[in-house]
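Peer 1: Have a look at this one.
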Amino acid sequence: MSESISKKTERIYDVFIAGGGVNGTGVARDAAGRGYTVCLCEMNDFASGTSSNSTKLIHGGLRYLEYYKFRLVQESLKEREVLLKMAPHIIWPMRFILPHSKGMRPAWLLRLGLALYDHLGFRKILPGTSHVKLNNSEFGLPLKSNFKFGYEYSDCWVDDSRLVILNAIDASSKGANIQNYCKVINVEKSNSLWSITTKDSIDGRENVIKAKCFVNASGPWVDNVLQDSFSKKNSNHVRLVRGSHIVVKKIFNHDRSYICQNEDGRIFFIIPYEDKFTLIGTTDIDHDQSVNEVEISEKEKKYICDSANTYLNAEIKLKDIVWSYSGVRPLYDDGASMAQEATRDYVIKTSREDSALMINIFGGKITTYRRLSESILEHIEEFLGKRGNLWTEKSSLPGGDIAVDGQIDLNNKLHMKYPFLTEETIKRLARSYGTLSFEIFSDSNSIESLGKNFGSGLYEKEVKYLIIKEWSRTSDDILFRRSKLGLSFSKEEIKRLDQYLDDFFKTKKSNSNNNKLTSNIAETA
């Protein structure tokens, strides 16, 4: 765990980053790995905004070909396998079935688009496109009878919020000062440096940090930071587009996903989710409310259900929804007339003010976060001088030091080491932490040695790890961003976890001196 910010008031950082989503933590990791001193502040929890509310895909963006975004698609396709090798515990290959029927895009156009999709990215690991018969097939069984054939192609699935936290962990291990629940409230120029005032979102403490470069990676809040902290009026660079998803109980048993086309031309996905559920979405709607108020509407829920029901045999009703979520995509406002046509590409704007560098990030998508980070580092290198070489492409994220097809082997090793854990828990651990699982449970030799059981295979030992190593403070942090156990937790189990966390932090605070909470947790856990 990095040092608390209060210990660093006298230090001048090379790079300060506002925003703890995938872009912010990606930049922090890359910069720290090259030898720059880095401080990152996130006003809420890491990945609590857009980065945990995606469709959870590492993909080229098949539909972007219709808008002639060939460079974006090619960069994204190349990144699929780079990221897959970086983090095969939280990213894995997924096959997508594109059902076809009359009234859709013509078959020849789909074949052409998929052929282009196959070859633009120079894939080496993922299999290519194939024709699939849906009648009399397990893949066609969930679908209506008019879908007799389709196409199958490859992309990847990602645990999006864990991708963010693993970047933060690696950045911290390389010396970056990482802090969540810490909001930037004012930024001024002071002797050719940025003087950044931050406020702890929980206890209200304020602190001043000095840095040579300021990176605004605050996603949907990028314009808010410019207006509120920099007093830059009329900063309207992003178009806020809401994407909503629903989760229902598992509706088919195979491991394929479906990519479907709505009558209005929008694309949506039907994806196996967390073994017991099915994820359906997304929408593309301009978000006209506050960026702090993001919630799926009843109209969106009905739209997603109706869309799925045009494809599925089993009707999905509003009462079948067990969970839903919405995220706001901070798309760069390129003047596109429709939300789904707005560019998903990232835009970087830089400026120098009295020898201090300002970098603003607009837009982007989770698939290209690593390449975006490299682009940001080019500007930082130009300003501060080169400290290190490109390095992330061949790297592994924490816990990802396994082969792309190494999940089964890892599961077996975990089972041998911890035979008292259920297969379901072992699978979750392997897919969340990879080889870090051995660090979490160390030499534990029985269920009793894991401490309190909060439910669904979550024990006190893992909770303490999430507090100490992954900055968790609330039950939402643990149940919906560090994991998705909230889908199976009862209200009573959540209440018990809340009480444990409240007692834990109260005890540690009472034992701390000068608010050195983090170091005391590490010493006493």
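The values are calculated or read from the model by the stated rules, or taken from the named source; none is laboratory data. Note that the coordinates shown come from a computational prediction; the quantities given were computed from them, not determined experimentally. Note that each Cβ is placed from the backbone with ideal geometry, even for glycine, and that neighbours are counted across all protein chains shown. Side chains included, ligands, DNA and RNA excluded: accessible areas come from the protein's heavy atoms. Shrake-Rupley method; radii C 1.70, N 1.55, O 1.52, S 1.80 Å.
Peer 1: Which far-off residues, 5 or more places away or on another chain, put their amide H under 5 Å from the one on Trp157, with H placed in the peptide plane?
Peer 2: Ile58, Trp92, Met94
Peer 1: Ranked from highest to lowest mean number of other Cβ atoms within 10 Å per residue, what is the order of the peptides 488-498, 458-468?
Peer 2: Numbers: 488-498: 15.1, 458-468: 19.5.
Highest mean packing first, the order is 458-468, 488-498.
Peer 1: Please compute the Kirkwood hydrodynamic radius over segment 139-207, one decimal place, Å, based on all pairs of different Cα atoms.
Peer 2: Working: mean 1/r = 0.0581 Å⁻¹.
Result for segment 139-207 stands at 17.2 Å.
Peer 1: What share of all Cα pairs of segment 74-202, in percent, falls into each consecutive 10 Å distance bin?
Peer 2: With a bin width of 10 Å, the distribution comes to 10, 25, 23, 17, 13, 9, 2, 0.
Peer 1: Please report the spacing between the Cα centers of segment 425-478 and segment 155-200 in Å, no decimals.
Peer 2: 24
Peer 1: Going through the cross-link list Lys56/Lys394; Lys301/Lys491; Lys78/Lys249; Lys56/Lys464; Lys183/Lys301, which pairs have a Cα-Cα distance over 29 Å in this structure?
Peer 2: Going by Cα-Cα distance, Lys78/Lys249; Lys183/Lys301 fall outside the 29 Å limit.
Peer 1: How big is the charge dipole of segment 25-98 about its Cα centre, in debye rounded to the nearest 20, if each Lys and Arg gets +1 on its Cβ and each Asp and Glu gets -1 on its Cβ?
Peer 2: Dipole size: approximately 280 debye.
Peer 1: Which Cα, out of Gly140, Ala87, Asn23, lies furthest along the positive dipole direction of the chain (beta carbon charges, K/R +1, D/E -1)?
Peer 2: Going by the charge dipole, the pick is Gly140.
Peer 1: Give the separation of the Cα centroids, segment 30-94 to segment 262-302, in Å.
Peer 2: 20
Peer 1: So how much accessible area does His59 have, in Å² to the nearest 10, using a 1.4 Å probe?
Peer 2: 30
Peer 1: Return the unpartnered cysteines for the chain, using a Cβ-Cβ cut-off of under 4.7 Å.
Peer 2: Cys39, Cys156, Cys213, Cys260, Cys305
Peer 1: Compute the orientation-averaged projected area for segment 164-270 from the convex hull of its Cα atoms and round it to one decimal in nm².
Peer 2: The directionally averaged projection comes out at 12.0 nm².
Peer 1: So how compact is segment 360-446: Cα radius of gyration and Dmax in angstrom?
Peer 2: Rg and Dmax of segment 360-446, Cα atoms, are 18.5, 54 Å.
Peer 1: Given a 1.4 Å probe and heavy atoms of the protein chains only, how would you sort Thr129, Thr350, largest accessible area at the top?
Peer 2: Sorted by accessible area, descending: Thr350, Thr129.
Peer 1: If you count only protein heavy atoms with a 1.4 Å probe, what accessible area per residue comes out for segment 312-448, rounded to a whole Å²?
Peer 2: Result: 48 Å² of accessible area for each residue.
Peer 1: A follow-up question, please. Classify segment 261-410: rounded, prolate or oblate, from the alpha-carbon gyration tensor (a ≥ b ≥ c, eigenvalue square roots; a/c under 1.5 rounded; otherwise prolate if a/b is larger than b/c)? All intermediate terms of the calculation are to be shown ahead of the outcome.
Peer 2: Numbers: a/c = 2.86, a/b = 1.48, b/c = 1.94.
Note, shape of segment 261-410 comes out oblate.
Peer 1: Once every DSSP H run of n ≥ 4 in the chain is given -39500 (n - 2.57) and the sum is divided by its residues, what mean residue ellipticity at 222 nm do you get, rounded to the nearest 500 deg cm²/dmol? Please report the intermediate quantities before stating the final value.
Peer 2: On the way: 13 runs with 159 residues, N = 525.
-9500 deg cm²/dmol, from helical runs alone.
Peer 1: Please grab the % of Cα pairs in segment 105-176 that end up more than 15 Å from each other.
Peer 2: On the way: 1778 of 2556 pairs.
So the portion of pairs separated by more than 15 Å is 70 percent.
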